[in-house]
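Remarks on the structure that follows.
The values are calculated or read from the model by the stated rules, or taken from the named source; none is laboratory data. Since the structure is predicted, the reported quantities are computational estimates derived from the model, not experimental observations. Note: ideal-geometry Cβ built from the backbone for every residue, glycine included; neighbour counts use all protein chains shown. For the accessible areas, the whole protein counts, side chains as well, though only heavy atoms, and no ligand, DNA or RNA atoms are used. Shrake-Rupley method; radii C 1.70, N 1.55, O 1.52, S 1.80 Å.
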Amino acid sequence: MPWDLRPWHTACFVHITDTERNSYLATLATGADVNHCGTPFTQSLLAELLGALEDPNTNIPHIGHAKFDEAQFAGDAGFIGTQFGGGARFDRAQFGGDASFIRAHFASTAGFVEAQFTHDAGFNEAQFTGSAMFGRAQFVGDAAFLDAQFTGDARFIGTQFGGDTWFVGAKFGATAQFEAQFGGGGVFGRAQFATALDQLGEEPGSATIAAFLPRVQKAVVQMISVRGM
């Protein structure tokens, strides 16, 4: 799906004055597009940005198209409950603290390609309506996708999980591909896959992936490819 190339307003919070930053934030409203590629964020600056995008009725941030490619989050990055109405890109972003996307909703493509999560990352109950792309992402700490819902394709190709990883209760409604390194335990209990397994020595359609992976505990590459019937 091509990106909307309209000229979004960009702002680097490090290189503008407080007055300029406040003026920029005042132009934002619920559902606005944002482009902060390469922007360094402190925890407080991210909170200011998300606060400017909150729905006044729910106090939940709503963003249109979001571009955070190569952004650097120095502290904890809290996107809890954030609604991404357009594409959301965090490719090559660096999360220096905990990253929380709990109950976040991605209405279109969610890109975390080559993103680096230095501490824990939480995607519990997140909803990925479009494709979820985590190719070559690095999770140094624990990664939790408890009860996450992947309606579109989910791709974890070349992904590195250094800590414990939970996909307990996750639902995969389309193609799910894992070619990942699990440094800790990979727990897939109660995970649901809509398509059939074509790896691990079984013929396509013979079983579901959940039957083979109640728990993954391998420090080497575990290749799992799930495709349509």
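Of all the listed residues (98, 91), the sole one being closer than 26 Å to residue 145 by Cα, open to solvent by 40 Å² or more (accessible area, probe 1.4 Å) and at pLDDT 95 or above is 98. The residues of region 94-108 that are assigned to a loop (DSSP other than H, G, I, E, B) and either in contact with a Pro (Cβ under 7 Å, 6 or more places away or on another chain) or at negative phi (or both), listed by number, are 96, 97, 98, 101, 102, 104, 107, 108.
Screening the candidates 82, 17 for the property of being hydroxyl-bearing (Ser, Thr, Tyr), open to solvent by 30 Å² or more (accessible area, probe 1.4 Å) and either at pLDDT 95 or above or over 17 Å from the mean Cα position of the chain (by Cα) (or both) yields one hit, 17. Would you confirm whether or not region 210-229 contains a residue that is in a strand (DSSP E or B), surrounded by fewer than 17 Cβ atoms within 10 Å (Cβ to Cβ) and modelled with pLDDT of 85 or more? Checked against the condition, which is being in a strand (DSSP E or B), surrounded by fewer than 17 Cβ atoms within 10 Å (Cβ to Cβ) and modelled with pLDDT of 85 or more, region 210-229 yields no hits at all. Using the structure shown, decide if residue 135 is modelled with pLDDT of 95 or more, open to solvent by less than 20 Å² (accessible area, probe 1.4 Å), closer than 25 Å to residue 43 by Cβ and assigned to a loop (DSSP other than H, G, I, E, B). It is false that residue 135 is modelled with pLDDT of 95 or more, open to solvent by less than 20 Å² (accessible area, probe 1.4 Å), closer than 25 Å to residue 43 by Cβ and assigned to a loop (DSSP other than H, G, I, E, B).
The set of residues from region 38-69 being outside any helix (DSSP H, G or I), of a type in the set (Ser, Thr, Tyr) and open to solvent by 50 Å² or more (accessible area, probe 1.4 Å) comprises 42, 58.
Looking across region 112-128, just one residue is farther than 15 Å from residue 184 by Cβ and more than 12 Å from the chain's Cα centre (by Cα), and that is 118. Scan region 109-131 and report the pairs whose first residue is outside any loop (DSSP other than H, G, I, E, B) and whose second residue is among the basic types (Lys, Arg), with Cβ atoms within less than 6 Å and a gap of 6+ or a chain change. Close Cβ pairs (under 6 Å, with a partner that is among the basic types (Lys, Arg)) amount to 111/89. Would it be correct to say that residue 44 is under 22 Å from residue 123 (Cα atoms), modelled with pLDDT under 95, of a type outside the set (Lys, Arg) and out of contact with any strand residue (DSSP E or B) (no Cβ under 6 Å at 6 or more places or on another chain)? Yes: the conditions hold for residue 44.
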